[in-house]
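Colleague: There's a structure below that I have some questions on.
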Amino acid sequence: MKPLKHGALIFAGVMAIIFFTDRLWRMQREHRQDKNIFAAARKHGVDPALIKAVIWRESRFNPRARGSKGEIGLMQIMPDTALDWAGAEQVANLSDFVLADPARNIDCGTWYLRKLLQRYTRTDDPVPYALTDYNAGRGNVLKWLKDGAATNSGEFIEQIGFPSTREYVRSVMKRREKYAAWASPPSN
């Protein structure tokens with residue numbers, strides 16, 4: 001019986017090491033783009049916690065992420081969005097290689113997120129509307145802007161017709177709350 005206890009103890013120790021190593025790796029990955037997130041947040045006037053939450057949901061901080069519809073990088077930028085950003089920001093020679101660069105990808109995604117937030121300023125909270133637009137497109141947002149949902153974000157979230165988009169919005173908003181303390185400098 002003793003050899004079994006000894007083996008179980010070794011196994012538990014190995015599993016603990018694997019767990020903590022994985023957790024440390026994930027934490028490092030999660031903070032690797034902080035500098036780029038803060039730079040884009042300052043440049044475009046968007047909450048860095050929101051940017052980070054979108055990156056978490058879109059790519060889990062993997063700069064090489066690719067989507068099934070041609071989305072690229074950390075913020076899963078669509079080709080049409082990239083073209084609009086490149087024109088507005090005067091980015092020459094736009095390519096997938098440019099969008100694979102984390103700083104450029106975050107700048108593009110944040111530029112687009114700001115554009116979406118500005119669309120919904122006549123609401124009590126433009127964030128759920130902008131996130132829905134980011135995930136499901138403007139046409140779908142317009143379909144779900146019925147009655148009180150046109151200005152009340154809580155009602156709007158309930159009107160979202162795609163369960164996956166509703167879950168996307170809720171998860172990004174919840175993750176944004178988690179990142180709020182990280183995004184706020186400590187007061188002295």
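The values are calculated or read from the model by the stated rules, or taken from the named source; none is laboratory data. None of the values given here were measured: they were computed from a predicted structure. Positions of Cβ are generated from backbone atoms using ideal geometry, with glycine treated the same way; all protein chains shown enter the neighbour counts. These accessible areas exclude ligands, DNA and RNA; they are computed on the full protein's heavy atoms, side chains included. Shrake-Rupley method; radii C 1.70, N 1.55, O 1.52, S 1.80 Å.
Colleague: Scan segment 40-52 for residues that are outside any loop (DSSP other than H, G, I, E, B) and open to solvent by 50 Å² or more (accessible area, probe 1.4 Å) and jot them down.
Modeller: Correct list: Arg42, Lys43.
Colleague: Do you know which residues across segment 79-96 are of a type outside the set (A, V, I, L, M), farther than 17 Å from Lys69 by Cα and either open to solvent by 70 Å² or more (accessible area, probe 1.4 Å) or outside any helix (DSSP H, G or I) (or both)?
Modeller: Asp84, Gln90, Asn93
Colleague: How many of the residues making up segment 42-76 are at pLDDT 95 or above and of a type in the set (Ser, Thr, Tyr)?
Modeller: So the answer is 1.
Colleague: Could you give me the residue pairs with C-beta distances under 7 Å whose first residue belongs to segment 136-159 and is more than 27 Å from Glu71 (Cβ to Cβ), whose second residue is assigned to a loop (DSSP other than H, G, I, E, B) and β-branched (Val, Ile, Thr) wherever it lies, and which are 6+ apart or on separate chains?
Modeller: If the second residue must be assigned to a loop (DSSP other than H, G, I, E, B) and β-branched (Val, Ile, Thr), the pairs left are Thr151/Thr123.
Colleague: Tell me, yes or no, whether segment 90-109 has at least one residue that is in contact with a Leu (Cβ under 9 Å, 6 or more places away or on another chain), in contact (Cβ under 8 Å) with a residue 24 or more places away in the chain and β-branched (Val, Ile, Thr).
Modeller: As a first pass, look at segment 90-109 and keep what is in contact with a Leu (Cβ under 9 Å, 6 or more places away or on another chain): 94, 102, 105-106, 108-109.
Remaining after also requiring in contact (Cβ under 8 Å) with a residue 24 or more places away in the chain: 102, 105-106, 108-109.
Okay, now just the ones that are also β-branched (Val, Ile, Thr), so 106.
Checking segment 90-109: at least one residue is in contact with a Leu (Cβ under 9 Å, 6 or more places away or on another chain), in contact (Cβ under 8 Å) with a residue 24 or more places away in the chain and β-branched (Val, Ile, Thr).
Colleague: Pull up segment 23-39, narrow it to residues that are at pLDDT 95 or above and among the aliphatic types (A, V, I, L, M), then point me to the one that is surrounded by the most Cβ atoms within 10 Å (Cβ to Cβ).
Modeller: Looking at the filtered set, the residue picked out is Ile37.
Colleague: Further question: For the list (1) touching a residue at least 12 places away in the same chain (Cβ under 8 Å); (2) within 30 Å of Ile157 (Cβ to Cβ), I need the number of the one condition that Thr121 fails.
Modeller: Unmet for Thr121, out of (1) touching a residue at least 12 places away in the same chain (Cβ under 8 Å); (2) within 30 Å of Ile157 (Cβ to Cβ): (1).
Colleague: Tally time: how many residues in segment 59-78 are open to solvent by 20 Å² or more (accessible area, probe 1.4 Å) and touching a residue at least 40 places away in the same chain (Cβ under 8 Å)?
Modeller: Of the residues in segment 59-78, 1 are open to solvent by 20 Å² or more (accessible area, probe 1.4 Å) and touching a residue at least 40 places away in the same chain (Cβ under 8 Å).
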